[in-house]
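Asker: Here it is, the structure in full.
The values are calculated or read from the model by the stated rules, or taken from the named source; none is laboratory data. Note that this is a predicted model, so its numbers are computed, not measured. Note that each Cβ is placed from the backbone with ideal geometry, even for glycine, and that neighbours are counted across all protein chains shown. Accessible surface areas use protein heavy atoms only, side chains included; no ligands, DNA or RNA. Shrake-Rupley method; radii C 1.70, N 1.55, O 1.52, S 1.80 Å.
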Amino acid sequence: MSEGDAVDKLLAELSEFERAALEAFERASDAATLEAARVRFLGQRRGWFKQLEQRFRALPREGKRTCGPRFNEVRSRVREAFSKAQARLEQGAAQGGQPEAAAVQPTGGLRFGGAAVTAGRAEAFDFTVPGKRVRRGTLHPLTHTIEELIRIFGRLGFELADGPEVEDEWHNFEALNIPPEHPARDPNDNFYLDPRRLLRSQTSTVQIRVMERQRPPVRIIAIGRVYRPDVHDATHFSMFHQIEGLYVDRHVTLAHLKTVLRQFAQAYLGPDVQIRFRPSFFPFTEPSVEVDMSWDVRGGQWVELGGAGMVDPNVFRAVGYDPEEYTGFAFGLGVERLCMRRHGIHDIRLFYENDVRFLKQF
Ligand code: FA5
């Protein structure tokens, strides 16, 4: 090839390179596409421009002089196009939107900023087009309930305490005065993980954990998941939530328990709510009661919400409290049942089916 031919060929290819590179940079609609174009056209190792540069360097002095100005012009135009594309994509990302590719021209509406016209492309924002509705999620009804319970008991002076869901037999049973032969410990009625550990079956475990690490006075609630292999029906689930309360001090009586639960019930369910205690039995309280609530005492139905009672002296002994000096009350209520009462939900399974038609009502 003569020197003249080589120069002509290089000039022609420079133009071809320029056209293709400008188009690719302007069209790039996301960072990955732009980067691929950069590598292809301006890549330091095998980019198209690099190859042109090598051929340029190989030209004799006269050829270099002929091609040089055009060579420099193409290089700066292509680099500039790349920088503009980069700025356009960064701006689009900062505004949280999809930047329009240059090839997509707006079809109507108002145009913004003649000044923003770049390299043959108009930056456009059509604010007559309806916006995309942002779908906001809602908190799960049980989350609402738990937050409200924490607020109400907080006002009554109860602090929030916590304990693990995987428990040992000491905290789930023994310290709660539930001996090994007690039917509540039957492996068929619990989720044992190994012979000594199980998924806790009640939040009463947290009573023990708190008393083990703290001297009286104690005034706590604990809210969390508990697990029982109960058959699922409208009011039972194998994983549900309980709220536990514990108040230990000198001279605490059953009257305090009833007052606190009435205050709570009226704050959570409304001023008309009545509560009543029914004699019952729990190994860790003596006396023990079932707590029922009702809106209409004359003829209205009583609904059981949980158990309660005065802390059994054996429980105090297990944690090193002197039962001659301290008394206390404890209660444990089902959180799902409370939430169901409040919102007129008739089936506990709705909480766990993830049906958005149900969930979005809260
Ligand atoms: C207890 O779990 C005791 N720990 C409560 C207690 C605490 C008594 C402190 C005394 C002192 P019980 O097994 O009754 O008690 O459960 C308490 C509440 O949990 C029930 O009244 C009910 O509201 C709820 N509950 C029980 N089983 C289920 C279940 N499978 N699904 C949904 N809620 C349940």
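Asker: Please compute the contact order of the chain in relative form: average sequence separation of alpha-carbon pairs under 8 Å and at least six residues apart, divided by the residue count, as a percent.
Answerer: Numbers: 539 pairs, mean separation 46.1, N = 362.
For the chain, the relative contact order is 13 percent.
Asker: Please list, ordered by chain and number, the residues whose modelled amide H lies under 5 Å from the amide H of residue 201; skip anything fewer than 5 residues away on the same chain.
Answerer: 227
Asker: Another question, if that's okay. On the full set of protein chains, 1.4 Å probe, figure out the accessible area of residue 126 and give it in Å² to the nearest 10.
Answerer: 50
Asker: Quote the accessible area belonging to residue 220 in square angstrom, nearest 10, computed with a 1.4 Å probe and with ligands, DNA and RNA left uncounted.
Answerer: 10
Asker: A further question on this structure: Which value, to two decimals, describes the C-alpha radius of gyration of segment 252-297 once divided by 2.2 N^0.38 Å?
Answerer: On the way: Rg = 11.3 Å, N = 46, 2.2 N^0.38 = 9.4 Å.
Against the compact-globule rule of thumb, the ratio is 1.20.
Asker: Count charges around residue 70 for me, please; just the other residues with Cβ under 12 Å from its Cβ, Lys/Arg as +1, Asp/Glu as -1. Display every interim value, and only then the final one.
Answerer: Values: positive: 64, 65, 75, 77; negative: 8, 13, 18, 73.
Within the 12 Å Cβ shell, the charges total 0.
Asker: Working with all protein chains in place, sort 211, 310 by solvent-accessible area computed with a 1.4 Å probe, largest first.
Answerer: Numbers: 211 5, 310 25 Å².
Output order, biggest surface exposure first: 310, 211.
Asker: Please report, in cubic angstrom per residue, the volume enclosed by the convex hull of the alpha-carbon atoms of segment 124-211.
Answerer: Numbers: hull volume 18.6 nm³, N = 88.
Looking at segment 124-211, the number lands at 211 Å³ per residue.
Asker: Please calculate the 1.4 Å probe accessible area of residue 227, with all protein chains present, and give it to the nearest 10 Å².
Answerer: 40
Asker: Can you give the net charge of the other residues whose Cβ lies under 12 Å from the Cβ of residue 154, counting K and R as +1 and D and E as -1? Please list the in-between numbers first.
Answerer: Numbers: positive: 151, 155, 219; negative: 147, 148, 159.
With Lys, Arg at +1 and Asp, Glu at -1, the net is 0.
Asker: Would you mind finding the longest exposed-site-free stretch of the chain, with exposed trypsin sites (Lys or Arg not before Pro) meaning DSSP loop and at most 15 other Cβ atoms within 10 Å? It would help to have the intermediate numbers written out before the result.
Answerer: On the way: sites that count: 45, 46, 111, 132, 133, 135, 136, 196, 250, 298, 360.
Counting only loop sites that pass the neighbour cut-off, the longest clear stretch is 47-110.
Asker: Next up: Would you mind counting up the charge near residue 200? Only other residues with Cβ under 14 Å from its Cβ, with Lys and Arg at +1 and Asp and Glu at -1. Show your work: numbers first, answer last.
Answerer: Numbers: positive: 185, 196, 197, 209, 225, 228; negative: 162, 165, 167, 168, 169, 174, 189, 244.
So the environment of residue 200 carries a net charge of -2.
Asker: At 222 nm, what value in deg cm²/dmol follows for the chain if DSSP H runs of at least 4 each add -39500 (n - 2.57) and the sum is divided by all its residues, to the nearest 500? Provide the component values of the computation, followed by the final result.
Answerer: Values: 11 runs with 147 residues, N = 362.
Result for the chain: -13000 deg cm²/dmol, rounded to the nearest 500.
Asker: Taking the alpha carbon gyration tensor of the chain, what are the square roots of 5 times its eigenvalues, largest first, to the nearest whole Å?
Answerer: On the way: eigenvalues 1185, 132, 62 Å².
Largest first, the chain gives 77, 26, 18 Å.
Asker: Still on this structure, I have one more. List the lysines whose Cα sits under 24 Å from the Cα of residue 360, skipping any in the same chain fewer than 8 residues away.
Answerer: 132
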